1. Quick one: which residue in 116, 52, 63, 94 is open to solvent by 20 Å² or more (accessible area, probe 1.4 Å), closer than 20 Å to residue 13 by Cα and at pLDDT 90 or above?
2. Tell me, which residue of region 67-84 that is closer than 17 Å to residue 41 by Cα and modelled with pLDDT under 85 is surrounded by the fewest Cβ atoms within 10 Å (Cβ to Cβ)?
3. Would you mind stating whether residue 198 is at pLDDT below 75 and open to solvent by 50 Å² or more (accessible area, probe 1.4 Å)?
4. So, in region 14-44, of the ones that are more than 17 Å from the chain's Cα centre (by Cα), surrounded by 12 or more Cβ atoms within 10 Å (Cβ to Cβ) and farther than 16 Å from residue 101 by Cα, which residue ends up modelled with the lowest pLDDT?
5. Taking the condition more than 14 Å from the chain's Cα centre (by Cα) and open to solvent by 50 Å² or more (accessible area, probe 1.4 Å), does residue 130 pass?
6. Taking the condition outside any loop (DSSP other than H, G, I, E, B), at pLDDT 85 or above, within 24 Å of residue 153 (Cα to Cα) and not charged (D, E, K, R), does residue 47 pass?
7. Which residue pairs have Cβ atoms closer than 8 Å, lie 6 or more positions apart in sequence or on different chains, and pair a first residue in region 72-83 that is in contact (Cβ under 8 Å) with a residue 24 or more places away in the chain with a second residue that is of a type outside the set (Val, Ile, Thr)?
8. Of all residues in region 162-189, how many are charged (D, E, K, R) and under 17 Å from residue 143 (Cα atoms)?
Amino acid sequence: MISLTSEIRTPYHTWRARPKMLALCFSTLLITIAGSLLWSFAACMAVFSLYLWPGLAFLRQGLRMLRPLWIFVVVVLIWHWVTGALLQGFEISLRLVACVGLANLVTMTTRLDDMLTVTEGLLRPLGRFGLDPKRLSIALALVIRFTPSLVEKGGKLIEAWRARSAKRPGWRIVLPFSLIAIDDAEHISDALRARGGLN
């Protein structure tokens, strides 16, 4: 869901990382606190237009990156349908799509090292409490960078299970998926050490 930088060049790519990330925080806060179905729908349409502005190719790529979000929307709608608050479920779902869509747009149009620089600057005050801002920003970058990769590998693991068994995978893939994540973490750790670590 959280994508890497898009290779399709857009006007958003030329905008500086700090204003984009500040705008993301402000917009997400505004979408969250201004509660109404009409407002949530308008926010979704605004985000859709932001994807559409650079062209249809960028819109298709953005929507493809948001595809894993549908399962969360379905769960929210089913829960609110069962509890008799379906309109509220639609409102929450629209807000969710708008907020995640904005975050996805920023990550698609901002280089990871630029986001790292901004994040490290914001985390610098935590150095007074013994926390290393550089380590924290690297950790955040690794989460952003490898979440799509792990999601893809998890999907392939599920497909492999289904090809060999009629049973639903469920908890049975937790162990192999954990081993995949640990193996990736080991490779990343080796790569960081080979480049001098975090110093």
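The values are calculated or read from the model by the stated rules, or taken from the named source; none is laboratory data. Because the structure is predicted, anything quoted here is derived from the model rather than measured. As a convention, Cβ positions derive from the backbone with ideal geometry for all residues, glycine included, and neighbour counts pool all protein chains shown. When the accessible area is computed, the model is the full protein with side chains, heavy atoms only, and any ligands, DNA or RNA have been set aside. Shrake-Rupley method; radii C 1.70, N 1.55, O 1.52, S 1.80 Å.
1. 52
2. Filtering first and then ranking leaves 70.
3. no
4. 35
5. It is true that residue 130 is more than 14 Å from the chain's Cα centre (by Cα) and open to solvent by 50 Å² or more (accessible area, probe 1.4 Å).
6. Working: outside any loop (DSSP other than H, G, I, E, B): yes; at pLDDT 85 or above: yes; within 24 Å of residue 153 (Cα to Cα): no; not charged (D, E, K, R): yes.
Criteria not met by residue 47.
7. Every condition considered, the pairs that remain are 72/96; 73/93; 73/96.
8. Step one: filter region 162-189 for residues charged (D, E, K, R), giving 162, 164, 167-168, 172, 183-184, 186.
Those left that are additionally under 17 Å from residue 143 (Cα atoms): 183-184, 186.
Qualifying residue count for the region: 3.
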